[in-house]
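A short write-up of the structure that comes next.
The values are calculated or read from the model by the stated rules, or taken from the named source; none is laboratory data. For clarity, every value in this text was computed on a predicted model and none was experimentally measured. Note that we place each Cβ from the backbone using ideal geometry, even for glycine, and neighbour counts take in every protein chain shown.
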Amino acid sequence: MYPAILNEYWTVELNVRTGCLKAQTFMFERVDPQSAYYVDSVITMLEDTLMDGDLVHRQMGSVIVKRLALGYAVSVGVRTPFGSSVHNLALPPGEYGVL
């Protein structure tokens, strides 16, 4: 089911992309410790979401990053390269500093 959600995200229609982001938000809310398995497949989508011009998409992307990072920290460890790279995507280095 998850690959289908990722595939639908790359469509042009804005409502479909918003629905896919909302589905991922709910999915990562429920799958906290197991979210470490999905990190590699989600990174490119999160990069696109966090650089999107739509404010709602950026906000949902930030929520996904938060939930994914919490689940990843629970299963793998707190200080990981994933946390640093996603933090730099959400908060650019020039404005808030580098983690």
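Overview of results
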{"read-out": "Evaluation of GLY53 against (1) surrounded by 14 or more Cβ atoms within 10 Å (Cβ to Cβ); (2) modelled with pLDDT of 75 or more (one fails), failing number", "value": "(1)"}
{"read-out": "Hits in region 9-49 - residues which are over 16 Å from GLY61 (Cβ atoms) and either more than 14 Å from the chain's Cα centre (by Cα) or at pLDDT 85 or above (or both)", "value": "THR11, VAL12, GLU13, ASN15, ARG30, PRO33, GLN34"}
{"read-out": "Test result for VAL63, surrounded by 13 or more Cβ atoms within 10 Å (Cβ to Cβ), modelled with pLDDT under 75 and assigned to a helix (DSSP H, G or I)", "value": "no"}
